Amino acid sequence: MKPSRFIFNSDYATLKNDAEGVAFLTIPNLVNIPDGGADVVYTATLQIGASPSAGLRSFVTSDKYTYALSGPSFSIACKQDGFDAECFCDITRNSNGNIEMRVTFVAPQGADTQYTGMGQTLTLHAKTFLSPFDL
Amino acid sequence: MCLTRLNKLMAKLREKFILNSDYPVDKIVWLKEGDATMDAWGNINITLPHTVGAQIYVNGVWTIDDWTTTYNFSAQRQVAQGYEYQATAKATDSTVKISAAHENGANKTFKYRLWGFISEESSKGIEIKPTAGQSANRLVFSSDYEYPMLYKEGIATPGTTIAHGLGEIPYVDVWGKMQNDTGYSIVAGDCFGEVYGYGENIKITANEVIFKSTAPLYESYYYRIYLP
């Protein structure tokens, strides 16, 4: 058997598209977190009714960059108190079939902190798909 | 001019079919689902053998709340206390190793579903066991669904740019093998690369997939580019 020789081969399981959509998230150019404060989180929710154990294929574009970033987590460049740093983006399928994209600014312990320079609008492009275990 | 317009029209049309004989669909060569209990700290490590006989590239999903929340392998979330969750599924030519952690996962049931692909190059000259009957889903093909159409796949190294020329940004899955390591695990687009100049650093444009040379931690990538 050589699965790659055929466009479609019924001997081998495949993936089926489930749902797809686009969501937008604008993050500000300045985030202040006081000493003892909590992480600051910005969230975009894509209500597409994704199946419970659906897989996720996604990429995120930004009005600040000319390229897209692939996958369910990545970092975004910024400055933290004037030094090179990053905030974090992660994408999951939550209850009710929603796809959630979160950008998290981590609160440091024992000091005030200021994140700057990351202002942009992110666009999440997500497709979910069913694996052979679904249906 | 007419040919350009025709090409654009064809590009739009090819996405409208549930199956298109110009493009193969994913063929899964390895499947596995299971569950196990996370330890008291919310960690778990599982090693699964496979007998495909070549390097495979594994992706999948996992949960600790019976699929109320579903995570992809390679996803991670960093919070003030460290990681809220993270997971990898690293495959070699004989094993798949799962490593996962979740801050709320102490003694909870970790459920996973994994599927693996093989590269065109690796599939030459070996016999691969059919997988169509290995899952609960006996219906391999159903016209109720569309199928992800594979446009291009292959191996790339840091510093390589792969031209796809689709004219719009495609969905891309990428697996990476770290230096001095064995096995590939699926990786996300850009972690630390833009800021610190290291780590996986993959950028997708309307015509290219760029594996930046500022990614010395990875020595090799396997990519699959799908039609938008």
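Below, the figures for the structure above:
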read-out	value
Hey, B:T109 polar (S, T, N, Q), touching an Asp or Glu at 6+ places or on another chain (Cβ under 6 Å) and more than 22 Å from B:F211 (Cβ to Cβ) or not	yes
Enumeration of residues in segment B:73-93 that are over 11 Å from B:L114 (Cβ atoms) and either touching a Leu at 6+ places or on another chain (Cβ under 9 Å) or within 7 Å of chain A (Cβ to nearest Cβ) (or both)	B:S74, B:A75, B:Q76, B:R77, B:Q78, B:V79, B:A80
Criterion: in contact with a Pro (Cβ under 7 Å, 6 or more places away or on another chain), acidic (D, E) and at the interface with chain B (Cβ under 8 Å from one of its Cβ atoms) - qualifying residue of A:D84, A:D39, A:D90	A:D90
Options A:L46, A:L30; residue that is among the hydrophobic types (A, V, I, L, M, F, W, C), in contact (Cβ under 8 Å) with a residue 40 or more places away in the chain and in contact with a Phe, Trp or Tyr (Cβ under 9 Å, 6 or more places away or on another chain)	A:L30
Scan of segment B:79-94 for residues that are farther than 30 Å from B:Q55 by Cβ and not in a loop (DSSP other than H, G, I, E, B), ordered by number	B:V79, B:G82, B:E84
In segment A:99-127, residue surrounded by the fewest Cβ atoms within 10 Å (Cβ to Cβ) [restricted to those that are more than 25 Å from A:Y65 (Cβ to Cβ) and at the interface with chain B (Cβ under 10 Å from one of its Cβ atoms)]	A:Q109
Residue count for segment B:53-62, restricted to those that are surrounded by fewer than 22 Cβ atoms within 10 Å (Cβ to Cβ) and in contact with a Phe, Trp or Tyr (Cβ under 9 Å, 6 or more places away or on another chain)	1
Boolean, B:S74 is closer than 26 Å to B:D35 by Cβ and within 19 Å of the chain's Cα centre (by Cα)	yes
Test: residue in segment B:140-148 that is without any contact (Cβ under 8 Å) to a residue 12 or more places away in the chain, under 28 Å from B:P228 (Cβ atoms) and in contact with a strand residue (DSSP E or B) (Cβ under 8 Å, 6 or more places away or on another chain)	yes
Subset of segment B:95-121 that is outside any strand (DSSP E or B) and more than 9 Å from chain A (Cβ to nearest Cβ) - its residue that is nearest to B:Y222 (Cα to Cα)	B:E121
Close pairs (8 angstrom Cβ cut-off, 6 or more residues apart or separate chains): under 14 Å from B:I56 (Cα atoms) in segment B:95-106, among the charged types (D, E, K, R) anywhere	B:V96/B:K32; B:V96/B:K90; B:K97/B:K90
The listed residue being modelled with pLDDT of 95 or more, hydrophobic (A, V, I, L, M, F, W, C) and either buried (at least 18 other Cβ atoms within 10 Å of the Cβ) or not in a loop (DSSP other than H, G, I, E, B) (or both), out of B:I210, B:I162	B:I162
Set A:I33, A:I27: member being more than 8 Å from chain B (Cβ to nearest Cβ), more than 24 Å from B:W67 (Cα to Cα) and touching a Cys at 6+ places or on another chain (Cβ under 8 Å)	A:I27
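The values are calculated or read from the model by the stated rules, or taken from the named source; none is laboratory data. Everything numeric in this text was worked out from a predicted model, so none of it was measured. Every residue, glycine as well, gets a Cβ built from its backbone with ideal geometry; the counts of neighbours run over all protein chains shown.
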